[in-house]
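Bear in mind these aren't lab numbers, they're just calculated from the coordinates by the rules spelled out. Computed from a predicted model, the values in this text were never measured in an experiment. For neighbour counting, all protein chains shown are included, and Cβ atoms are generated from backbone atoms with ideal geometry for every residue, glycine included.
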Amino acid sequence: MKNIKVGLSISLTGNYSIQGMESFEGIKLWVSDINRNGGIFISDIVAKLPIELIYYDDKSSVEKCRTNIETLISEDRVDILLGPYSSSLALAACEIAQQNNKTLWNHGGATDEIEERNFTNVINAITPASHYSYGIIDAVYNADEELNKIATFSAENSGFSTGIANGARFYAKHKGLEVKEFKFQSGIEDFSVFIDDLRSYNPDLLLGMGRAEDDLRLAESLFESGVYTKAAAYIVASIKAFKEKFGQKADGILSASQWERGVKITPDIGPSPEEFFLNFHAAYNKEPDYIAAQGYNIGVILGKCIRETGTLDDLTLREFARNAEFNTFYGNFKTDEKCNQIGHQMVVVQWQNGQKVIVFPQSLAEAEIIYPG
């Protein structure tokens, strides 16, 4: 054995290419950092081995992703199989990995369907979609106890978007809040058909929870129509593309994020949040989104598992991860008995004066939420 073969199907083209490239850059940076230091020590062979990253562009296609995963397992015979970006692709990858009894290290698919399908060979490193809205609702509720009406926009043909919407409906009703759901097909070009109904409903909080391109179009349509609510949040607003598209109009907009530079955490292994940020910026001359952090983080988790077990045996690594708990720059890693992530905590961010800052939970907040009340 000369190296550790890590396999990846990733969206470098197609609908998910913006996020796919971010994820890929995070993974590549981890590989580069490991190889710069001679590789990962494996006690089974008493040697450090470098990483060989084998990847294929899935073109944001479920079928292409399936083919790539099958190739990585059966032809390339990778030691480690990483999941793709996006919930639909991750779900497809889980199915192929399950059929081949290969562990899939999931860092890019948040759909609750992965948990609901009871896969036995998936290690989930990110918070599931159904929890995305919880912090946003809490943050706004804390700022305005008179919060009453919430409008949600979700893509009914997206498992990820549906998962967020279902979670938002459940959590809002749990807090005694009213919810009106606006549903659309992902890829919609014109949201103007919803404007009159939205104005009539007059919500206190608007939650956009489609795919990235959907949320960008929704926000653009609302800005152009002059429809404003006391609070608005879009899942896509946590990434750079939102600020780049809307400039000063982004100020005040909220979002949920899996990771931010300002997260105050002391990692047990790997870089600090600030060290990762600076390392990524030096490598790519841009700031990392949380999606890049997810890519790098799955590598840190893998490195921890390999070093602790001293092996590349697939089942041994899976079982170690199932029972492990530790902190990385990304947050706490801990799974339940089904390998679903229960340790990681999301944060709520808001654009303020052109900068993205953490506003919730209060224990991690860099600034107070700006809220018109």
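If we sort 97-105, 202-210 on the protection proxy, mean other Cβ atoms within 10 Å, highest first, what's the order? It would help to have the intermediate numbers written out before the result.
On the way: 97-105: 19.0, 202-210: 24.2.
Descending packing order for the listed peptides: 202-210, 97-105.
Considering only Trp351, Thr328, Pro361, and ranking their Cα positions along the charge dipole of the stretch 313-362 that arises from unit charges at the beta-carbon of Lys, Arg, Asp and Glu, the one farthest toward the positive end is Trp351. Sorted into 5 angstrom bins from 0, the C-alpha pair distances of the stretch 1-40 split as 6, 22, 24, 19, 15, 10, 4, 1 percent.
When Rg and Dmax are taken over the Cα atoms of the stretch 100-149, they come to 16.0, 52 Å. Among the chymotrypsin sites (Phe, Trp or Tyr not before Pro) found in the stretch 194-234, those both in a DSSP coil and sparsely packed, with 16 or fewer other Cβ atoms within 10 Å of their Cβ, are Tyr228.
Give, to the nearest whole percent, the P(r) tail of the chain beyond 35 angstrom, counting all Cα pairs.
Cα-Cα pairs in the chain separated by more than 35 Å: 23 percent.
Amide H contacts of Ala47 (H built 1.01 Å from N, in plane; Pro and chain starts excluded): Ile42 sit under 5 Å, all sequence-distant by 5 or more or on other chains. Three principal axis extents of the stretch 109-261 based on alpha-carbon atoms, in descending order, are 48, 33, 33 Å.
Please go through the stretch 85-168 and write out the GluC sites (Glu not before Pro) that DSSP classes as loop and that have at most 16 other C-beta atoms within 10 Å.
Working: sites: Glu95, Glu113, Glu115, Glu116, Glu145, Glu146, Glu156; in loops: Glu145, Glu146, Glu156.
Counting only loop positions with at most 16 other Cβ atoms within 10 Å, the GluC sites (Glu not before Pro) in the stretch 85-168 are Glu145, Glu146, Glu156.
Debye-formula intensities of the stretch 318-364, expressed as log10 I(q)/I(0) at q = 0.14, 0.24 Å⁻¹, are -0.47, -0.85 (one equal scatterer per alpha-carbon, no solvent).
Counting Lys and Arg as +1 and Asp and Glu as -1, what is the net charge of the other residues whose Cβ lies under 12 Å from the Cβ of Ser60? Intermediate values should be presented prior to the final figure.
Working: positive: Lys59, Lys64, Arg211; negative: Asp57, Asp58, Glu63, Glu213.
Spelling it out: positives minus negatives among the neighbours equals -1.
For the chain, the 222 nm mean residue ellipticity estimated from helices alone, with every DSSP H stretch of n ≥ 4 adding -39500 (n - 2.57) and the total spread over all residues, rounds to -12000 deg cm²/dmol. One way to sum up the overall shape of the stretch 257-309 is the equivalent ellipsoid from its Cα gyration tensor, whose semi-axes run 20, 12, 10 Å, largest first.
With a sphere of radius 12 Å drawn around the Cβ of Asp204, what net charge do the other residues whose Cβ falls strictly inside it have (Lys, Arg +1; Asp, Glu -1)? Computed value for this residue: -1.
Taking Lys338, Lys175, Lys183 as the candidate residues, the one with maximal mean-square fluctuation in a Gaussian network model of the chain, Cα springs under 10 Å, is Lys175. Cross-link partners for Lys173 among the lysines, with Cα-Cα distance under 22 Å and sequence neighbours closer than 8 places in the same chain left out: Lys149, Lys183, Lys230. Taking square-rooted eigenvalues a ≥ b ≥ c of the alpha carbon gyration tensor, is the stretch 2-80 rounded, prolate or oblate, where a/c under 1.5 means rounded and, failing that, a/b exceeding b/c means prolate? The shape class here is oblate. Straight-line cross-link partners of Lys5 among the lysines, defined as a Cα under 20 Å from its Cα and at least 8 positions apart when in the same chain: Lys28, Lys48, Lys102, Lys304. In the stretch 97-147, a dipole from Cβ-located charges (positive for Lys and Arg, negative for Asp and Glu) runs towards its positive end, and of Trp105, Ala139, Thr127 it is Trp105 whose Cα lies farthest in that direction.
Each semi-axis of the equivalent ellipsoid for the stretch 290-358 is √(5λ) with λ an eigenvalue of the Cα gyration tensor; in descending order they amount to 29, 13, 8 Å.
Output the 0 to 90 degree angle, nearest 10, between the alpha-carbon long axis of helix 273-284 and the longest principal axis computed from the alpha carbons of the chain. Taking the Cα atoms of the chain, the angle to 273-284 is about 80 degrees.
In debye, nearest 20: dipole of the chain around its Cα centre with unit charges on the Cβ of K, R (+) and D, E (-)?
On the way: 35 positive and 51 negative charges, 96 e Å.
The calculated dipole for the chain is roughly 460 debye.
Within the stretch 221-294, the trypsin sites (Lys or Arg not before Pro) that combine a DSSP coil assignment with at most 12 other C-beta atoms in a 10 angstrom radius are Lys264, Lys286. With the convex hull drawn around the C-alpha atoms of the stretch 1-142, the volume per residue stands at 138 Å³.
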